[in-house]
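Each remark here refers to the structure printed beneath this line.
The values are calculated or read from the model by the stated rules, or taken from the named source; none is laboratory data. Since the model is a prediction, treat every value here as computed from it, not as a measurement. Heads up, the Cβs are rebuilt from the backbone with ideal geometry, glycines too, and the neighbour counts pull from every protein chain shown. In case anyone asks, the SASA skips ligands and DNA or RNA and just uses the protein heavy atoms, side chains included. Shrake-Rupley method; radii C 1.70, N 1.55, O 1.52, S 1.80 Å.
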Amino acid sequence: MSMFSFDLHKRKILTVFLLLLFVWSLLGVKWQDGVIHASGVGTASEIFMAMFTPELSANILALAFESSWITLAYATAGMSLALVLGLVFGILASGVLATRKSSRTFLKGSFRGLLGFMRAIHELVWAWLFVASFGLSPYAAIFALAIPYGGILGRIFADMINDVPKEPIQALQAAGASKLQCLFYGYLPSVKNSMISYTMYRYECAIRSSAIMSFVGLGGLGYQIQLSLDDLNYDEVWTFMYFLTIIVVLIDGWSSLLRKRMAK
Amino acid sequence: MSKKNIIELNQISKNYERKIALSSLSFVVEKGETIALIGPSGAGKTTLLNMLASNFEPSSGEIFIDGRPLSQLTDRKKRAKKIGIIRQQFDLVGQLAVIHNVLAGRLADWGLGKSLLNLFIPQERQAATQALTRVGLPDKMYERTSNLSGGEQQRVALARLLMQKPEIILADEPVASLDPSRAEDILEMLTKIAKEEQQTVIASLHSVEYARKYFSRLIALKNGELFFDLPADQVTNKQLQELYQLKELK
């Protein structure tokens, strides 16, 4: 009986313990100095004041447009490649094409492993690796995005395919459909909408990543943000940030339009 | 023996662990018969249909389809020409247009190329239109299947069977989730189509009333055993009462 009630409260006891740990950790902070850099408050307010006065001169706007274009192009190219990788590997990793139980286990295991490897390494790390090997070429950015995003898409696609209700698939099999026919008539139509909306969400993430990746020198919005920050031109920084925001909002609008059309 | 036996069950048994689902069941079905499987829940109706559908094999005994053991009918495409299945709804792919669910009945005959092309340019449209007209849904061809009501979806499943043209139709509770008038509608359509196409039907049903009304022969199962096997018009109310009687009442 006492064991039972301990089991019941295990989680609450853990929660209280973690809370106490957190409070105790606060005691270790030196509040007087070290939390905020002495001149940090000034810089921070300068940066935030610049929010309201973004640089809108013609040449900065032109630069922002060009950089946005590069960022968008990298993200789109990377995402397209990621979609192909994700679809192919995702379908293989779901194991629905395997004919026997043993080959299904093998397919699932090996392709899920491969997808895990692809997404375990962050796009920024891939970017460093590719810049080191290809130099500062657009391919470095595109591959750096495509590999981890392909891994993420593939993993999610495989899970979606595995979650398709069994009854319609069994009915197709009973009607004499082969594995591939089941894929095209059963699995893919059932998950198409979720696949599209997840891919759109990931596309949005890819835009942000593409901007960040340009910090390694690949050009694009991130690169411009870095240059302006180095020059302490906070007004310019905000111009580029607003451009980034606009792209993300536009993609989001496009994706909800798509979803509305699909729901019809 | 003027008519040929399309299904023959020889001493079929099925055990799950220690529980007996069916014990030494034997009967013969002639081509063109419409049979209703009735009996209380857990009597073994679904088990029997699943074995006929090759979803699993009997623990002992053998099933013959057209004189050949069912266990040798392993090719999925050939089996689909012999045996077709219709169940409660949820059997269709909801995201597909109605026409594609109907044409899925042709997948046994189509190669991958044709079945892929079909998703873009519907093939054999005339046949699909005909099938949909026969089930009374000619105007729903391009609608998304999930937008149809339960009864309409079951009609689409019937249209798919029309395209598949199996010799035997197995129907597992085909009207369980429909209201009475829709249920009668589907059963009438199913038995009518089977008669026109000279198909054999075995359907499990909860409703004795429907079984007597729409089927030619009633096979009653109780506790995994054959309780009676009679032409529909010879079944008495007393027999039905005994069939569904609870143990405690004895």
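The table below gives the values:
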read-out	value
C-alpha long axis of helix A:234-263 to longest principal axis of chain A, angle in °	20
Accessible area (Å², 1.4 Å probe, nearest 10) - A:D7	90
Charged-residue dipole, Cβ positions (Lys, Arg, Asp, Glu), the protein assembly as shown about Cα centre, Debye nearest 20	1900
Normalised per residue, the volume of the convex hull around the Cα set of segment A:176-234 (Å³)	81
22 Å Cα-Cα threshold exceeded, pairs from B:K14/B:K77; B:K45/B:K213; B:K192/B:K213; B:K82/B:K195	B:K14/B:K77
Packing-based ranking, highest mean first, of A:177-189, A:12-24 given that Cβ atoms within 10 Å are counted	A:177-189, A:12-24
With Cα atoms, 0 to 90° folded angle of helix A:2-26 axis to chain A main axis	20
Compactness of segment B:153-196 as Cα Rg over 2.2 N^0.38 Å, two decimals	1.09
Cα coordinate range in the protein assembly as shown, projected on the principal axes (Å, largest first)	101, 69, 43
Whole-number accessible area per residue in Å² for segment B:5-244, which is evaluated in the context of all protein chains at 1.4 Å	44
Exercise: per-residue mean of other protein chain Cβ atoms within 10 Å, B:157-164	1
Interface B:A - total buried accessible surface [probe 1.4 Å, Å², rounded to 100]	2000
Extended-chain gain in nm, criterion 0.36 nm per residue less alpha-carbon gap, A:F52 and A:N193	46.8 nm
Proximal charge balance of A:G90 [Cβ under 9 Å; K/R count +1, D/E count -1]	0
Mean accessible surface per residue for chain A, computed with a 1.4 Å probe while every protein chain stays in place, in Å²	58
Principal axis box of chain B, alpha-carbon based, largest edge first, Å	60, 41, 40
Ranked order, B:S216, B:S41 - accessible area, probe 1.4 Å, largest first	B:S41, B:S216
Degrees, to the nearest 10: A:221-230 long Cα axis against longest axis of chain A	30
Average partner coverage of B:90-100, which counts Cβ from other chains inside 10 Å	5
Environment charge at A:A64 (Cβ cut-off 13 Å; Lys +1, Arg +1, Asp -1, Glu -1)	-4
Only Lys, Arg (+1) and Asp, Glu (-1) charged, at Cβ; chain A dipole about Cα centre in debye	1920
Within the accessible area of the protein assembly as shown (1.4 Å probe), percent carbon and sulfur	61
Aspartates and glutamates with Cα under 19 Å of B:K19, excluding same-chain neighbours fewer than 8 positions away	B:E57, B:E225
Protein-protein interface of segment B:104-120, residues with accessible area decrease of at least 50 Å², isolated chain reference, 1.4 Å probe	B:L107, B:L112
Sorted peptide list for B:22-33, B:224-235, B:167-178, A:143-154, criterion being average Cβ within 10 angstrom, highest first	A:143-154, B:167-178, B:22-33, B:224-235
Calculated log₁₀ intensity ratio I(q)/I(0) where the Debye formula runs over C-alpha points of segment A:60-263, q = 0.13 Å⁻¹	-0.76
Virtual spin-label span in nm between A:Y201 and A:M262, 7 Å along Cα→Cβ	1.1
Cα convex hull of segment A:12-119 - mean projected area over all directions, nm²	15.0
